[in-house]
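A quick write-up on the structure given underneath.
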Amino acid sequence: MTQLPNLVSAALDLPDLDKLALSGTTHPPRILILYGSLRPQSFSRKAALEAERILRHFGAETRVFDPHDLPILDSVSADHPKVRQLREWSQWSEGQVWVSPERHGSPTAVFKNQIDWLPLEEGSVRPTQGRTLAVMQVCGGSQSFNVVNALRVLGRWMRMITIPNQSSVPKAWQEFDEHGRMKPSPYYDRIVDVMEELFKFTLLVRDRSDYLSSRYSERKGDLAAQALAVASGAVALPATAAADDAANDAANEAEADTNTATRPSAAARMPSACCGPACASNQS
């Protein structure tokens with residue numbers, strides 16, 4: 001630590017493979033799917049349902065949130081039934097799929113409103129942190145990547161792990177049949193690719209998300225807050241911490257005693273008055 005004097009060693013984690021080699025959960029991956037249109041023939045909803053069918057084929061448990069009746073942010077309290085449902089489903093999920101149409105070069109207000117209702121922190125719970133994310137968009141015209149790029153920014157802001165692959169479906173009105181099913185095409189194949197990748201990443205991340213998203217700065221802040229609480233007498237020093245401090249104090253005292261016992265006396269450390277043959281001749 002001498003090379004890194006500004007680090008707080010108690011808050012520093014040294015990553016290694018053993019910490020990542022956790023036993024996996026056995027339940028199916030839980031995936032929440034959000035889409036961004038209220039139109040009866042919503043193509044983002046059709047793409048979302050197509051993604052859901054693929055995920056279920058892989059073995060995932062899925063929920064598709066219906067944005068109808070979700071109020072505009074802050075127009076009602078967070079106790080509103082649709083807001084509670086969205087937040088509970090987000091907390092339930094281990095991965096998410098976001099699908100939005102492109103409107104004026106960006107995600108729709110319907111989609112953004114859903115993300116805005118998800119807080120970065122709710123008490124000690126972060127409804128999205130550490131969850132995997134796949135981003136998709138549907139276009140009314142030629143292919144664009146404005147929305148998936150914007151969704152990646154949102155995913156990073158929500159502290160999610162966004163997978164590398166993504167899907168953008170141009171001229172979406174041509175890509176679905178009268179039953180709402182997506183026709184065979186390279187665009188359909190890409191959605192399969194994205195859902196397969198999301199499924200795999202979710203299996204890899206879900207049991208390790210707490211460890212992967214644990215941050216030095218936050219651990220340092222927690223230690224500082226704990227030290228302040230102990231100093232103010234608001235909380236007692238944890239028994240283990242007290243024992244560790246006592247052990248460290250005892251070790252330091254023992255080391256000090258050992259150093260004192262083995263250190264030469266001041267007289268012994270003084271150089272001899274004799275300075276060799278010249279000194280001997282002078283004394284004779």
>> Condition first: open to solvent by less than 10 Å² (accessible area, probe 1.4 Å) and polar (S, T, N, Q). Now tell me which residues in segment 109-151 satisfy that.
In response: Q114, T128, T132, Q137
>> It is to be established whether one or more residues within segment 263-271 are at pLDDT below 85, farther than 30 Å from L133 by Cα, of a type in the set (D, E, K, R) and open to solvent by 70 Å² or more (accessible area, probe 1.4 Å).
In response: yes
> For segment 40-75, how many residues are assigned to a loop (DSSP other than H, G, I, E, B) and open to solvent by 30 Å² or more (accessible area, probe 1.4 Å)?
Replying inline: 10
> Across segment 198-235, what is the number of residues that are touching a residue at least 60 places away in the same chain (Cβ under 8 Å), closer than 30 Å to P28 by Cα, open to solvent by 40 Å² or more (accessible area, probe 1.4 Å) and assigned to a helix (DSSP H, G or I)?
Replying inline: 5
> Among all residue pairs at least 6 apart or on different chains, which show Cβ distances below 6 Å where the first residue, located in segment 4-27, is closer than 14 Å to S214 by Cα and the second is part of a loop (DSSP other than H, G, I, E, B)?
Replying inline: L20/R208
> Under 7 Å by Cβ, and 6 or more places apart or on different chains, what pairs join a residue from segment 100-124 that is small (G, A, S) with one that is in a helix (DSSP H, G or I)?
Replying inline: S100/S44; S100/F111; S100/V147; S100/L151; G105/N146; S106/N146; S106/V147; S106/A150
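Condition (residue is small (G, A, S) and in contact (Cβ under 8 Å) with a residue 60 or more places away in the chain) applied to segment 62-83: is it met by at least one residue?
No, segment 62-83 has no match at all.
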> In segment 129-186, what count of residues is obtained for those that are of a type in the set (K, R), over 20 Å from I54 (Cα atoms) and part of a loop (DSSP other than H, G, I, E, B)?
Replying inline: 2
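The values are calculated or read from the model by the stated rules, or taken from the named source; none is laboratory data. All values derive from a computational prediction rather than experimental measurement. Here Cβ is always computed from backbone atoms with ideal geometry, including for glycine, and neighbour counts include all displayed protein chains. We work out accessible area using only protein heavy atoms, side chains counted, and drop any ligands, DNA or RNA first. Shrake-Rupley method; radii C 1.70, N 1.55, O 1.52, S 1.80 Å.
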